[in-house]
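Note sheet for the following structure.
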Amino acid sequence: MRARLSWLKLPMAALASVMIAATMSTAARAAEVKVAVAANFTEAVKEIGALFEKATGHKPVFSFGPTGGLYNQVTQAAPFEVFVSADQATPAKAIAEGHAVAGTAFTYATGKLVLFSKTDGLNLGEQTLKDGKFTKIAIANPKTAPYGTAAVEVMQKLGVYDALKGKIVEGNNIAQTYQFVDTANAEVGFIAFAQIALKPGGSRWVVPANLHKTIAQDAVLLKTGANNDAAKAFIAFLKGPEARKVIEKYGYGFVD
């Protein structure tokens, strides 16, 4: 009761100052961070974001798209503060071109490419591509999406790219590519394993890693987030054990 009365004895101006200071302190502790995220990592990062917000109070605001497209936005002064890429080259380029903070890039996951069909019971594999008994095969745009680049590498290594290129339909990103297959607009498609890791049904062939370059996915702190504690905290959280469990759950690997 005495504590309550002592508050009442404060002059109104002093009481207002105390309340404003408390509000400012809370705002300093909890901030917002704008994160550009490669489309293949959508579901995983949503889970990670919820854990991050619960642990820190900081609110992540995500924008999803193809790696190349997101980087174009970065170069056009988009307000992203963290860039979660689907490759290593683009974060390195961001640093080299002055858009990201040197020394902050790290590999948060390695991706798996999968040939997928919505139809159950198919025996998908190399022979599927060599036979070419389908009308359409979906891939992500290889100019902007690393999973699309990997898909082209697979077809070239198997010697089937020239025979299949007339059947290729390109998604703007890996999310749209999945939609092509999920809606049966393409009978098969190369997508990220993470997109179907937790979904039953369909037929799938996890492409052997020796058929394409490793899909090492890097994140980097952008210079727009260099003074934002929430951005730095998100980078740290993405490296931590809670995020790693989610990343693993979605079928990604790690570089140790």
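The values are calculated or read from the model by the stated rules, or taken from the named source; none is laboratory data. Not measured: the values here are computed from a predicted model. Using ideal geometry, Cβ is built from the backbone for each residue, glycine included, and neighbour counts are taken over all protein chains shown. SASA here: full protein model, heavy atoms, side chains in, ligands and nucleic acids out. Shrake-Rupley method; radii C 1.70, N 1.55, O 1.52, S 1.80 Å.
Data for the structure
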quantity: Principal axis dimensions, largest first and in whole angstrom, of region 112-211 by Cα; calculated: 32, 28, 26
quantity: Inverse mean reciprocal Cα-Cα distance (Kirkwood Rh) of the chain, Å; calculated: 20.0
quantity: Beta bridge orientation in the chain: antiparallel %, DSSP, nearest 5; calculated: 55
quantity: Probe 1.4 Å, accessible area per residue of the chain, Å²; calculated: 51
quantity: Cβ-Cβ FRET estimate between residue 210 and residue 30, R0 fixed at 45 Å, reported to 0.05; calculated: 0.45
quantity: Per-residue SASA entry for residue 97, accessible area with 1.4 Å probe, Å² rounded to 10; calculated: 100
quantity: Taking the chain and dividing mean pair separation by its residue count, relative contact order in percent (alpha carbons under 8 Å, at least six apart); calculated: 28
quantity: Relative contact order computed over region 112-211 (Cα-Cα under 8 Å; 6+ residues apart), in percent; calculated: 49
quantity: Solvent exposure, largest accessible area first (probe 1.4 Å, DNA, RNA and ligands not counted), of 206, 101; calculated: 206, 101
quantity: Ratio Rg/Rh, restricted to region 31-119 and using Cα atoms, in which Rh is the Kirkwood radius; calculated: 1.00
quantity: Peptides ranked, highest mean first, by Cβ atoms within 10 Å: ranges 145-154, 243-252, 109-118, 230-239; calculated: 145-154, 109-118, 230-239, 243-252
quantity: Qualifying lysines (Cα of each under 16 Å from Cα of residue 130; at least 8 residues distant if same chain); calculated: 157, 165, 167
quantity: Order by protection proxy (mean Cβ within 10 Å, highest first), peptides 126-139, 165-178; calculated: 165-178, 126-139
quantity: DSSP-defined beta bridges in region 112-211 - what % are antiparallel, rounded to 5; calculated: 55
quantity: Distance from region 46-85 to region 196-256 (C-alpha centre basis), Å; calculated: 13
